[in-house]
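Step one of this worksheet: look at the structure below.
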Amino acid sequence: MPTPFEHALAQLQRANAVHPFSEDFLKIFASPDRKIEISIPVQMDDGQTKIFEGYRVQHNNARGPYKGGIRFHQDTDIEEVKALALWMALKCAVVNIPMGGGKGGVTVNPKELSESELEQLSRGFVKRLADVLGPQKDVPAPDVNTNPTIMAWMADEYAKITGDTTGAVITGKPLDAGGSEGRGTATAQGGFYAFNALQEKLGLPEKCRVVIQGFGNAGQNAAEIWSQAGHTIIALADSRGAIYKADGLEVEAVVHHKQATGALAGFPGAQEISQEELLSLTCDVLIPAALENQIRQDNVDQIKAKVVFELANGPTTPEADDVLFGKGVPVVPDILANAGGVTVSTFEWEQNVKGEHWTVEEVFEKLQRMMELEASMIFGKAEELKTDLRRAAFIVALERIQEAMK
Ligand code: GLU
């Protein structure tokens, strides 16, 4: 199977076929500026020392400091982080924030670590990378399985090493450690603003039947936000299982159940289904909000959603994109749909740099304006070029990056 980075390169070529860029520019943009692999020692609770493999890929900084999250996952490797870093560079350009693209990761299942082990791992990541990170160099953030507590440990470690206590080196921190209002729900909230801007244009009904795969920061908040807006969430999945209820799941009760039991499975009154069944449900909107490579050539024919809205990074392969486009199923691409997270991260960075604190109203007002503007613009670009939304978003982003590189 192609790696996520190969997918990202294929996506670049496909956009280039619709709107050709200079060969030199594409060559430079396609290669990460820097790939760093580190070993992080952790003293485990049983007294033994264990070494974890970590990565930071700095893809492109033509538009600003490298920016992108850190993922803790057992399947993470450098190829995945390379793809995620490239997508970050495009994502920041799509929403026109002054940031480049980067990404980090550690190959680890953090659910198997104690709190002390997790803290050592988080601090160890920063110890190894302190000289290449910095508010004007490279600004990490949360991603899959990392959270505000982890960001606070990392910011604290960076402050200890460098003396820089502004917190601007990392975003997604808790509020009392220099975090921004609204960052916790920003990915889903930003997605919702983009969704609202596109809903009618995509031919969706006023009240949609929604399926969400993933129940981390993006998926859970999306379930809450879409259901509060009156849409019906008919199915949800976490990494362990999926639940379905034809007339709609009561999201608040599902959240309580997940908090109490650690899983979605077993939610009273819902039917347990497989991940494949979840993806193939008839619905208006399918929101992948977990990992890459979920909608592929071998299962794309099962998709019965009217629209795919990518809150995850890289959930749809290029081959599946073609099939969906051919069937007239729009895919709102990750680099637009989930850009709300990095947008509010950039607000956080700006507040830290300037020593300000913005209200939640200010944050969401700015976020809404930016998401609506860029979503409508990319929709228009796709119509103008008679292409899909992913290619249109790539083209808009590449034009902005090329301009900055000149
Ligand atoms: N990890 C998120 C993403 O994939 C957020 C990155 C950030 O806030 O820098 O967009």
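The values are calculated or read from the model by the stated rules, or taken from the named source; none is laboratory data. For clarity, every value in this text was computed on a predicted model and none was experimentally measured. Glycine gets a Cβ as well: all are built from the backbone with ideal geometry, and neighbour counts include every protein chain shown.
In the stretch 288-314, the residues that are surrounded by 23 or more Cβ atoms within 10 Å (Cβ to Cβ) reach residues that are of a type in the set (Lys, Arg) and in a helix (DSSP H, G or I) with C-beta atoms within less than 9 angstrom, at least six apart or across chains, in these pairs: 310/390; 313/91. The residues on offer are 169, 106, and the sole one that is touching a Gly at 6+ places or on another chain (Cβ under 7 Å), free of Cβ contacts under 8 Å to residues at least 40 places away in the same chain and either hydroxyl-bearing (Ser, Thr, Tyr) or crowded, with 17+ Cβ neighbours inside 10 Å (or both) is 169.
In the stretch 330-350, the residues that are among the aromatic types (Phe, Trp, Tyr) form Cβ pairs under 6 Å with partners that are within 8 Å of the ligand (Cβ to nearest atom), at six or more places apart or across chains, as follows: 349/139; 349/171. Checked against (1) closer than 22 Å to residue 8 by Cα; (2) not small (Gly, Ala, Ser); (3) not in a helix (DSSP H, G or I), residue 306 passes all but condition (1). Among the conditions (1) among the β-branched types (Val, Ile, Thr); (2) within 16 Å of the ligand (Cβ to nearest atom); (3) outside any loop (DSSP other than H, G, I, E, B), residue 171 misses just one, which is (3).
For the stretch 159-166, the condition holds for no residue, the condition being that it is surrounded by 23 or more Cβ atoms within 10 Å (Cβ to Cβ) and either at pLDDT 95 or above or within 22 Å of residue 37 (Cα to Cα) (or both). Only one of the numbered conditions (1) farther than 30 Å from residue 132 by Cβ; (2) touching a Gly at 6+ places or on another chain (Cβ under 7 Å) is not met by residue 223, and that is (2). Could you say which residue among 155, 93 is free of Cβ contacts under 8 Å to residues at least 24 places away in the same chain and crowded, with 24+ Cβ neighbours inside 10 Å? Only one candidate passes the filter, namely 155.
Condition check ((1) assigned to a helix (DSSP H, G or I); (2) modelled with pLDDT of 95 or more) across all residues:
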position	(1), (2)
1	no, no
5	yes, yes
11	yes, yes
36	no, yes
41	no, yes
50	no, yes
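With respect to the conditions (1) free of Cβ contacts under 8 Å to residues at least 60 places away in the same chain; (2) over 24 Å from residue 369 (Cα atoms); (3) within 14 Å of the ligand (Cβ to nearest atom); (4) out of contact with any strand residue (DSSP E or B) (no Cβ under 6 Å at 6 or more places or on another chain), residue 184 lacks only one, and its number is (2). Among all residue pairs at least 6 apart or on different chains, which show Cβ distances below 6 Å where the first residue, located in the stretch 220-239, is modelled with pLDDT of 95 or more and the second is hydroxyl-bearing (Ser, Thr, Tyr)? Listed pairs, sorted by first residue: 221/185; 233/227; 235/244. Considering the conditions (1) farther than 29 Å from residue 55 by Cα; (2) away from the ligand (no atom under 16 Å from the Cβ); (3) not β-branched (Val, Ile, Thr), residue 192 is excluded by exactly one of them, (2). Within the stretch 133-155, take every residue that is under 17 Å from residue 73 (Cβ atoms) and touching a Leu at 6+ places or on another chain (Cβ under 8 Å) and give me the one that is nearest to the ligand (Cβ to nearest atom). The qualifying residue nearest to the ligand (Cβ to nearest atom) is 143. Taking the numbered list (1) in contact (Cβ under 8 Å) with a residue 24 or more places away in the chain; (2) within 24 Å of residue 13 (Cβ to Cβ) in turn, residue 380 passes all entries but (1).
Sub-6 Å Cβ pairs linking a first residue in the stretch 68-82 that is touching a residue at least 12 places away in the same chain (Cβ under 8 Å) and of a type in the set (S, T, N, Q) to a second residue that is outside any helix (DSSP H, G or I) and within 16 Å of the ligand (Cβ to nearest atom), at least 6 apart or interchain, are 76/105, ordered by first then second residue.
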